[in-house]
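Everything on this sheet refers to the single structure shown next.
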Amino acid sequence: MHGTRGQTAPHCNPVKIIAARAKRIHIYCELLEVWARTDVDALQLMDDWGSQRSLLVDPELFREPFKPMVRDYAQIAHAAGKKCFMHSDGWILPIYPDLIEVGIDAINSQIHCMGPDKLAPFAGQITFWGEIDRQHLLPYGTNAEVDRAVREVHRHLWRRGGCIAECEFGIGPRPDNVRQVFATWDEIFKQ
């Protein structure tokens, strides 16, 4: 905007933006179709829809036009007999029902950003490919706090759809906390 209400800046052409978006979607669908013909079990979508405290867009904006795109991607996977996994960082609680509705089978999201108790209503409808808090808990928590976090994920989210016992980490987390994540999952599974 140039400061005059209602006038579009010369570099902001909505028609070109829509055309570029359509081309990107077409290319991504072609890529997913190629992968769907390979000997993989699932196709993975990568997006980040949330910040630490909220969605990056209004839920209604996600639902139109983005939700139909995600549905198309999931349908490509399912038509080939594959699962559809999705990754999104951040607080995405309001769009969980949409992701379930369009056919996402498993989601890798920041469970502890939203709270396992808040995600519990979706247990059994989607597989949580979740992680233990890698921003605060894994680098700064105690082994006892890590143990409690894993048990909380199991208690709230382990249902028909399950939960992939996973621990994503890079530089920063204490190695003993990472080991504790897997030790707790092992103990839970042996019960």
Between beta-carbons, use under 13 Å as the cut-off and find the net charge around Val57, counting Lys and Arg +1, Asp and Glu -1. -4
What percent antiparallel are the DSSP beta bridges of the chain, to the nearest 5? 5 percent
Please compute the volume of the convex hull spanned by the alpha-carbon atoms of segment 65-191 and report it per residue in Å³. 112 Å³
Estimated distance in nm for a label pair at Met46 and Arg155, the labels positioned 7 Å out from Cα along Cα-to-Cβ: 3.5 nm
Once you put a point 7 Å from the Cα of Thr38 and another 7 Å from the Cα of Arg179, both along the Cβ direction, what distance in nm separates them? 3.5 nm
What's the center-to-center distance, using Cα atoms, between segment 50-84 and segment 116-191 in Å? 24 Å
Taking only C-alpha pairs under 8 Å that are 6+ residues apart, what is the relative contact order of segment 41-190 in percent? 20 percent
Members of Lys23/Lys82; Lys23/Lys118; Lys16/Lys83 lying beyond 27 Å, as alpha-carbon distances in this model show: Lys23/Lys118; Lys16/Lys83
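Bear in mind these aren't lab numbers, they're just calculated from the coordinates by the rules spelled out. Model, not experiment: these values are computed from the prediction. As a convention, Cβ positions derive from the backbone with ideal geometry for all residues, glycine included, and neighbour counts pool all protein chains shown.
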